[in-house]
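See below for the structure under consideration.
Please treat every number below as a calculation from the coordinates, not as lab data. Everything numeric in this text was worked out from a predicted model, so none of it was measured. Don't worry about glycine lacking a Cβ; one is built from the backbone with ideal geometry, like all the others, and counts go over all protein chains shown.
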Amino acid sequence: MPHSDPMDSAERYAWLQSELARLDHAYYVLDTPLLPDSEYDRLYRELIALEQVHPDWVRPDSLSQRVGGAALKEFTSVKHAVPMLSLNNAFDDAEVMNFDRRCREGLQQNQVTYAGELKFDGLAISLRYENGLLVQAATRGDGSSGEDVTANIKTIRAIPLRLQGNTIPAVLEVRGEVFMHLADFAKMNQEAARLGEKEFANPRNAAAGSLRQLDSKITAKRPLSFFAYGVGACEPQSWLPKSHSALLDQYLSLGLPVCAERKVLSSVDDILSFYREIGSKRDRLPYDIDGVVYKVNSFAEQAELGFVSRAPRFALAHKYPAQEALTTVLGIDVQVGRTGAITPVARLAPVEVGGVTVTNATLHNEDEVKRKDVRTGDTVVVRRAGDVIPEVVSVVLERRPNDTKAFEMPSRCPVCDSHIERVADEAIARCSGGLFCGAQRKQALVHFAHRRAMDIEGLGEKIVDQLVDNNLVRTPADIYRLGFTAVANLERMGEKSADNLIQAINQSRTTTLARFIFALGIRHVGETTAKDLANHYQNMHALMDATGEDLLTVRDVGPVVADSITGFMQEPHNREVIEQLLASGMVLSVEEKKVSAAVAGKTFVLTGTLPTLSRDEAKERLERAGAKVAGSVSKKTDYVVAGDDAGSKLTKAEELGVPVIDEAAMLGLLAQE
Ligand code: IVH
């Protein structure tokens with residue numbers, strides 16, 4: 001918008017207000033940001049600057065009013081014009097069918113139409129808009145009066161300070177749920193942990209705790225969200241549409257956030273399939289829900305059915321099994337993963353969580369156990385969500401018995417007794433048993449046989465599983481002791497494939513030292529480091545005996561890699577396996593055959609005198625990289641490399657349109673990975 005002097009333009013100010021409100025709506029309600037954050041910030045700063053020059057321009061719905069003013073001493077009480085009710089709950093299909101039957105009988109209809117929506121796990125709020133302006137927000141409290149949390153609610157960016165559109169009622173009380181997205185909750189707790197502050201047990205507590213802050217500046221820092229799902233007072237009543245689903249559509253056009261997971265349902269079958277459909281995606285929703293809600297869709301029918309005590313007859317919450325439960329810790333074990341990662345696991349008194357009996361819950365890592373201070377004998381909150389491994393959320397400290405001891409990480413691997421090591425900056429402790437550790441064996445073997453390691457074709461995960469499960473192979477050295485009959489007896493293994501595998505194993509004995517080192521699967525030793533180590537030490541024993549100090553002299557080897565190598569080599573089991581491998585007839589060359597993708601499989605013809613390489617040297621370099629070098633030019637030739645005094649081969653290449661390159665270009669191709 002053109003403007004002459006921004007600091008003096010009331011028009012500019014009005015435009016900024018509506019533009020920023022539009023951007024907030026797009027970002028927080030529609031989930032489609034329209035501008036980069038930096039651009040938004042620029043407009044926002046401009047608004048604030050204008051307000052400083054013209055404090056009299058500031059309106060209650062100015063975006064600057066979201067930030068929060070002075071802290072309150074206490075919340076004032078608000079009487080709800082229309083009471084905020086609760087919902088009756090159903091836990092099984094029969095209760096839902098009863099609800100439908102009662103509605104049909106009450107309305108004397110064969111069929112009732114319902115609005116199905118989610119039951120959000122947050123806290124209920126009533127927002128009062130007068131002529132479109134948000135004037136008051138109150139918690140549910142006891143249903144007839146709640147607490148005035150207007151300042152806190154204004155900090156929630158998804159809640160419009162002014163309603164959009166042309167048909168705005170004089171009074172509208174929007175009811176809905178304040179909640180926190182799971183990702184925001186996780187981020188907030190991580191930050192709290194970093195600062196040594198108290199963490200919240202779940203998103204609902206976090207939302208409730210944030211809204212009950214007397215200092216709205218604190219609330220402003222909490223990532224709260226909102227969905228509208230109901231109406232309280234409305235004047236004039238004629239503004240209200242005929243049905244609940246139409247009301248929610250109308251809300252959207254006023255700029256209010258309404259959850260998209262909703263459906264109009266016309267039978268009890270529809271209702272139950274809605275319940276199952278949402279149930280199957282519950283774990284993938286970005287926020288917690290504890291059920292779905294069915295509401296008779298027509299407002300006239302709702303009024304006809306009325307209320308019993310504090311809950312409407314026209315609505316029902318159909319709950320999902322709880323995702324959290326209390327139980328006691330019987331002990332804390334550690335498990336060894338396929339990469340040697342050690343995970344502490346709480347063994348629990350069996351408890352039903354979300355419809356499944358849980359007996360173990362992960363404690364993630366040593367720091368987590370220490371932070372949550374989980375101890376044997378403790379009563380804990382266990383949480384599971386779908387396929388995710390159940391986890392211990394928190395300890396109920398009030399129920400801690402007297403004689404508990406803090407958890408200590410064992411120093412040796414429970415599977416192979418190798419020592420457990422933890423690199424300073426990493427959260428994960430690992431078993432140093434490597435190739436020897438039963439827990440890591442399969443993964444170590446698959447890596448060992450990998451195409452880029454020992455390159456044993458046909459020795460993939462499925463065969464490795466069988467070999468290990470049948471006790472045929474424990475360490476990589478055992479691979480070289482496998483006989484034909486043992487292999488041929490494996491499941492889904494014909495004679496031909498058994499023969500191929502044995503051949504591949506035999507062929508893999510002749511390889512490079514670099515591949516062999518890489519194949520050992522030493523942590524932090526990738527292909528490049530393995531090559532550097534091979535070039536530096538030239539033989540395996542020299543590497544096995546290298547000191548940390550000496551390793552640091554190898555190109556690109558820093559303290560982390562050096563520690564990892566010495567740790568691996570100090571483990572007697574690992575040395576034993578290496579010795580056995582070397583004794584099984586390995587032929588390890590130091591020069592790696594470097595296959596270049598740009599050159600491999602291509603046919604070259606050399607002609608003339610090259611500036612630096614002899615004809616033989618050039619031929620050798622090309623062949624080592626996987627190319628063919630032919631004596632004459634044909635249509636099949638990919639490149640002719642021409643030097644000085646090139647003769648008829650060059651002419652032929654030009655005739656056939658074969659690319660002609662010089663030595664430098666050839667070296668360039670060879671250098672490509
Ligand atoms: S309607 C007249 N709809 O559940 C019915 N409530 O037990 C009033 N809730 O306090 C509530 N999602 O915090 C309604 N889609 C939804 C809901 C919902 C969550 C909560 C709300 C209320 C409690 C009722």
Need the list of lysines near residue 628 for cross-linking: C-alpha distance under 25 angstrom, and skip anything on the same chain fewer than eight residues off. 593, 594, 602, 619, 636, 649, 652
How far is helix 495-508 tilted off the main Cα axis of the chain, in degrees rounded to 10, range 0 to 90? 70 degrees
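Dipole of the range 1-106, Cα-centred, from +1 at each Lys and Arg C-beta and -1 at each Asp and Glu C-beta, to the nearest 20 debye?
Working: 11 positive and 19 negative charges, 85 e Å.
With only Lys, Arg, Asp and Glu charged at Cβ, the dipole is about 400 debye.
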Long-range share for the range 45-117, i.e. C-alpha pairs more than 16 Å apart as a percent of all pairs, stands at 74 percent
Rounded, prolate or oblate: which fits the range 98-165 when a ≥ b ≥ c are the square roots of the eigenvalues of the alpha-carbon gyration tensor, with rounded for a/c under 1.5 and prolate only if a/b beats b/c? prolate
Measure out, as a whole number of angstrom, how far apart the alpha-carbon centroids of the range 334-369 and the range 556-578 sit. 30 Å
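Quick check: convex hull over the Cα atoms of the range 412-487, volume per residue in Å³, rounded to an integer?
Numbers: hull volume 7.9 nm³, N = 76.
Considering the Cα atoms of the range 412-487, their hull volume per residue is 104 Å³.
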Considering only 466, 600, 484, whose Cα is most displaced toward the positive end of the charge dipole of the range 455-601, charges sitting on Cβ of Lys, Arg (+1) and Asp, Glu (-1)? 600
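Compute for the range 290-361: radius of gyration divided by Kirkwood radius, i.e. Rg/Rh, restricted to C-alpha atoms, rounded to two decimals. Write out the running numbers ahead of the final one.
Values: Rg = 21.8 Å, Rh = 16.1 Å.
So for the range 290-361, dividing Rg by the Kirkwood Rh gives 1.35.
For the ranges 123-133, 344-354, what's the packing order if you count other beta-carbon atoms within 10 Å of each residue, average per peptide, and put the highest first?
Working: 123-133: 19.5, 344-354: 17.7.
Highest to lowest by the protection proxy: 123-133, 344-354.
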Per principal axis, largest first, the Cα atoms of the range 292-412 extend in Å by 70, 37, 22
Tell me which residues come under 5 Å, amide H to amide H, from residue 254 once H is placed; ignore anything under 5 positions away on its chain. none
Local net charge near residue 497, Cβ-Cβ under 15 Å (Lys/Arg +1, Asp/Glu -1): -1
Pull up the cross-link candidates among the lysines for residue 462, meaning alpha carbon to alpha carbon under 22 Å and not fewer than 8 places away within one chain. 442, 496
Scattering curve values for the range 567-673, log₁₀ I(q)/I(0), Debye with Cα scatterers, q = 0.16, 0.19, 0.23 Å⁻¹: -0.70, -0.89, -1.20
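List the GluC sites (Glu not before Pro) within the range 287-332 that DSSP assigns to loop and that have no more than 14 neighbouring Cβ atoms inside 10 Å. Can you show the working numbers first?
Details: sites: 301, 304, 324; in loops: none.
In loop regions of the range 287-332 (DSSP not H, G, I, E or B), there are no sparsely surrounded GluC sites (Glu not before Pro).
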I'd like the distance between the alpha-carbon centres of the range 495-513 and the range 124-143, rounded to an integer number of Å. 75 Å
Determine the sum of side-chain charges near residue 612: Lys and Arg each +1, Asp and Glu each -1, restricted to other residues whose C-beta is under 15 angstrom from that of residue 612. -3
So which trypsin sites (Lys or Arg not before Pro) in the range 460-516 end up in coil per DSSP with only 16 or fewer other C-beta atoms within 10 Å? 474, 481, 492, 509
Helix 438-449 vs. the chain, principal-axis angle (Cα, 0 to 90°, nearest 10): 60 degrees
For the range 467-474, in residue order, the Karplus 3J(HN,Hα) values (coefficients 6.51, -1.76, 1.60; θ = phi - 60°; whole Hz; Gly and Pro = x) are 4, 6, 4, 8, 6, 8, 9, 10
Report, in whole Å, the centroid distance computed from the Cα atoms of the range 616-669 and the range 430-459. 41 Å
Computed on Cα atoms only, the convex hull of the range 265-310 has an orientation-averaged projected area in nm² of 4.5 nm²
Rounded to the nearest 20 Debye, what is the dipole magnitude of the chain about its Cα centre when Lys and Arg each give +1 and Asp and Glu each give -1 at the C-beta? 1000 debye
Here D for the range 29-168, in µm²/s, from Stokes-Einstein with a Kirkwood Rh over Cα pairs at 20 °C and 1.002 mPa s, works out to 112 µm²/s
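Anything over 25 Å Cα to Cα? Flag those among 119/263; 154/242; 119/281; 221/263; 372/405, in the order listed. Spell out each step's value before the answer.
Details: 119/263 13 Å; 154/242 30 Å; 119/281 14 Å; 221/263 34 Å; 372/405 13 Å.
Exceeds cut-off: 154/242; 221/263.
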Folded to 0 to 90 degrees: helix 182-194 orientation relative to the chain principal axis, Cα: 70 degrees
Using a 4.7 Å cut-off between beta carbons, which cysteines in the chain end up with no partner cysteine at all? 103, 234, 259
How compact and how long is the range 181-289, expressed as Rg and Dmax of its alpha-carbon atoms in Å? 18.0, 53
Most positive-pole-ward Cα, 156, 171, 145, against dipole of the range 133-195 from beta carbon charges: 156
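What per residue convex hull volume, in Å³, comes out for the chain when only alpha-carbon positions are used?
On the way: hull volume 200.7 nm³, N = 673.
Hull volume over Cα atoms, normalised by residue count, gives 298 Å³.
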Please name which of 300, 189, 108 has its Cα lying farthest along the dipole of the chain towards the positive end, using unit charges on Cβ (Lys, Arg +1; Asp, Glu -1) and the Cα centre as origin. 108
Mind checking which aspartates and glutamates have their Cα closer than 20 Å to the Cα of residue 370? Skip sequence neighbours fewer than 8 apart in that chain. 191, 197, 199, 333, 378, 391, 398, 403, 408, 421, 425, 426
Kindly write out, for the range 307-315 in residue order, the coupling ³J(HN,Hα) from the Karplus curve 6.51 cos²θ - 1.76 cosθ + 1.60 (θ = phi - 60°), rounded to whole Hz, with x marking Gly and Pro. 10, 10, 6, 9, 10, x, 6, 8, 9
How high is the relative contact order of the chain, in percent, counting Cα pairs under 8 Å that sit 6 or more residues apart? 8 percent
